[in-house]
Amino acid sequence: MIILNLFLATCLINQIYPQSFSNVSSNFDLFYYTIVTFTTVGYGDITPLTVPAKLISIITSITSVVCITIFLSSILSYKES
């Protein structure tokens with residue numbers, strides 16, 4: 001659900017500010033960019049060009065780190081009774 005919302009925010013930024021991302025020809029490219037940024041792989045084939053696009057990239061990266069931290073802490077804090 002979080003990834004879907006980040007993807008929709010990325011699409012909104014691209015609609016409001018056309019050509020905010022390099023090498024984007026469709027919404028699938030934006031979905032690919034969201035997944036690659038969220039997983040912190042960051043291939044660099046699609047890059048943000050405008051300030052709003054860079055801000056959504058920062059939000060996506062921070063969100064992914066928070067999600068990974070919460071996931072790992074919940075696993076590590078599990079104790080058997």
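Read the figures in this text as sums done on the coordinates, not as results from a lab. All figures in this text were calculated on a predicted structure; none of them were measured in a lab. Here Cβ is always computed from backbone atoms with ideal geometry, including for glycine, and neighbour counts include all displayed protein chains.
Within region 40-60, the set of residues being in contact (Cβ under 8 Å) with a residue 12 or more places away in the chain and either more than 15 Å from residue 8 (Cα to Cα) or aromatic (Phe, Trp, Tyr) (or both) comprises 40, 45, 46, 47, 48, 49, 50. What are the residues in region 1-26 that are touching a residue at least 24 places away in the same chain (Cβ under 8 Å), hydroxyl-bearing (Ser, Thr, Tyr) and more than 20 Å from residue 64 (Cα to Cα), if any? Result: 17, 20, 22.
Taking region 28-56 as the range and being within 24 Å of residue 17 (Cα to Cα), of a type in the set (A, V, I, L, M, F, W, C) and either more than 8 Å from the chain's Cα centre (by Cα) or not in a helix (DSSP H, G or I) (or both) as the test, the residues that pass are 28, 30, 31, 46, 49, 51, 53, 55. Screening residue 70 against (1) of a type outside the set (D, E, K, R); (2) assigned to a loop (DSSP other than H, G, I, E, B); (3) exposed (fewer than 11 other Cβ atoms within 10 Å of the Cβ) leaves a single unmet condition, (2). The number of residues in region 10-27 being in contact with a strand residue (DSSP E or B) (Cβ under 9 Å, 6 or more places away or on another chain) and outside any loop (DSSP other than H, G, I, E, B) comes to 4. Can you find even one residue in region 13-26 that is of a type in the set (Val, Ile, Thr), surrounded by 14 or more Cβ atoms within 10 Å (Cβ to Cβ) and within 12 Å of the chain's Cα centre (by Cα)? No: region 13-26 contains no residue that is of a type in the set (Val, Ile, Thr), surrounded by 14 or more Cβ atoms within 10 Å (Cβ to Cβ) and within 12 Å of the chain's Cα centre (by Cα). For first residues located in region 61-79 and on the phi < 0 side of the Ramachandran plot, partners that are among the aromatic types (Phe, Trp, Tyr) and lie 6+ apart or on another chain with Cβ distances below 7 Å form the pairs 64/38.
With respect to the stated conditions, residue 59 fails to be within 30 Å of residue 18 (Cβ to Cβ), touching a helix residue (DSSP H, G or I) at 6+ places or on another chain (Cβ under 6 Å) and of a type in the set (A, V, I, L, M, F, W, C).
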